[in-house]
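Q: One structure, pasted below without further comment.
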Amino acid sequence: MEIAKERSVAGIKEKDESKTLQGKKLRMETFTYIPEEYYGCGCSLFLTEQDEKADIHIYRDAGDIAMIVLNGKIHRMEYKGELNGVTTYSNDSIKVERVHAKAIESTEMEETVDVEGVLTITKGKDKLEKKYIGYCGC
C-alpha cells in the first residue's frame, strides 16, 4: 500500500478557485462551493487558518453524508461509523477516515469545537494522509 504525503499547492481550479494538492496517485483539491444538503451540523475541515477564514475546504460532512474533491471529482460518501476515535465515511470507490488529535470548545461559535487532526483517504492500494484544522458542531 502506497502512502503519499501532500507537499505543496500545485494550482488553481476553475471558478471555485480550488487549490490542487498532489499525492502520488491521488490528488485532493480544495473547494469553496458547499451543496445545500451539506449545511447544518457537521465538520468543516481546512488546510490552514487562512483557508478557514476564506472558507476554502478540504472536507465537509453533515450527519450521515460527507464530501471531498479527489482527482477533479466530487465524492459523496455515507457515514459508516466511529471506532476508537476514527470516524469513517465511504462510497464504492474511496474510504475517508477522520481522526481528531485535538478538540477544544470554540470561543467564537456556540455548540462548536475547534479541531485538528489527520484525514486519511484510501482508494484501492493508494492512500493519502493530510493534516487539517477546522470545526465541528451546529
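We did not get these values from a lab; they are worked out from the coordinates using the rules stated. As the structure is a computational prediction, the values presented were derived from the model and not from experiment.
Q: Which entries in Lys25/Lys102; Lys95/Lys127; Lys73/Lys123 show an alpha-carbon gap greater than 18 Å?
A: Listed pairs above 18 Å: Lys25/Lys102.
Q: From the backbone phi of the stretch 122-138, what are the Karplus-calculated ³J(HN,Hα) couplings (6.51 cos²θ - 1.76 cosθ + 1.60, θ = phi - 60°) in whole Hz, Gly and Pro given as x?
A: 3J(HN,Hα) across the stretch 122-138, in whole Hz: 10, 9, x, 8, 9, 9, 10, 10, 9, 6, 9, 10, x, 8, 10, x, 10.
Q: Each residue of the stretch 72-89 in turn: what ³J(HN,Hα) in whole Hz from Karplus with 6.51, -1.76, 1.60 and θ = phi - 60°, glycine and Pro shown as x?
A: x, 10, 6, 10, 9, 10, 9, 5, 10, x, 9, 9, 6, x, 9, 9, 10, 10
Q: A follow-up question, please. Once amide H atoms are built 1.01 Å from N in the peptide plane, which residues 5 or more positions from Ile68, or in another chain, come under 5 Å H to H?
A: His75
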